């Protein structure tokens, strides 16, 4: 299937990326375009390279070939602090020190803004307050992160990333281990942040229907390559679902959101074409 890339200005882009771990190659000659000011979701089957691609965009994985650009600049040439002021990442399984309070954890998002001559300020305090308010976690501020439910923790981690106050936010499987209600809560929060603050958001998601509903732009991957990219209504078809997931399905309009809704036909899973 031919890739369909948006015409929007790219906030992030990867060109000719060769990605892997040791001798294991995950992606070869991979091109990615992340449109600025939009919510983009990377979708595809397990082990297709979604999280690996996100790690490369976040500078956690150095490509063996190719380059990643942030606002047109090679990320390898940026200082760690400059990069952290422009891009925040919520990893798949974040960890926090035992006993740390919610407010102290969120405050760690302000670390890139600190300098030896500029310590904690009223601007930092305001950024933490804003992040807690935006994620609905202000009433949890004095509680230990260890006491919270999975959905509450995820909101707090997003608050920390928001406190970092970057124009680009990357989220690796932000709905993992959450029930459906909490998945919707988190994605509503992310979509709202994009609408109100214009943040460029990139998410790795497993649930295709939720990706269609909450993302402006989809990148569908299979075997380390981009099969198609574009608006969900433009690219999500029965043929794409079979090619990417090996699943026979109908695609209808969601009666609530009007976005593509994938309805599996059942029966045996087919081999991708």
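Summary of values
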quantity	calculated
Residue within region 74-81 that is surrounded by fewer than 20 Cβ atoms within 10 Å (Cβ to Cβ) and touching a helix residue (DSSP H, G or I) at 6+ places or on another chain (Cβ under 8 Å) present	yes
Failed item, numbered, when residue 160 is tested on (1) touching a strand residue (DSSP E or B) at 6+ places or on another chain (Cβ under 9 Å); (2) under 28 Å from residue 21 (Cβ atoms); (3) in a loop (DSSP other than H, G, I, E, B)	(3)
Residues that are in contact with a strand residue (DSSP E or B) (Cβ under 6 Å, 6 or more places away or on another chain) and outside any strand (DSSP E or B), drawn from region 214-232	215, 216, 224, 232
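Table: residues versus (1) in a helix (DSSP H, G or I); (2) under 26 Å from residue 26 (Cβ atoms); (3) free of Cβ contacts under 8 Å to residues at least 40 places away in the same chain; (4) touching a strand residue (DSSP E or B) at 6+ places or on another chain (Cβ under 8 Å).
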| site | (1), (2), (3), (4) |
| --- | --- |
| 175 | no, yes, yes, no |
| 189 | yes, no, no, no |
| 194 | yes, no, no, yes |
| 201 | no, yes, no, yes |
| 206 | no, yes, no, yes |
| 212 | yes, yes, no, yes |
| 234 | yes, no, no, no |
| 250 | no, no, yes, yes |
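A short reminder: the numbers here are calculations on the coordinates, not readings from a lab. Predicted, not measured: the structure shown is a model, and the values here were computed from it. All Cβ positions, glycine included, derive from the backbone under ideal geometry; neighbour counts span all protein chains shown.
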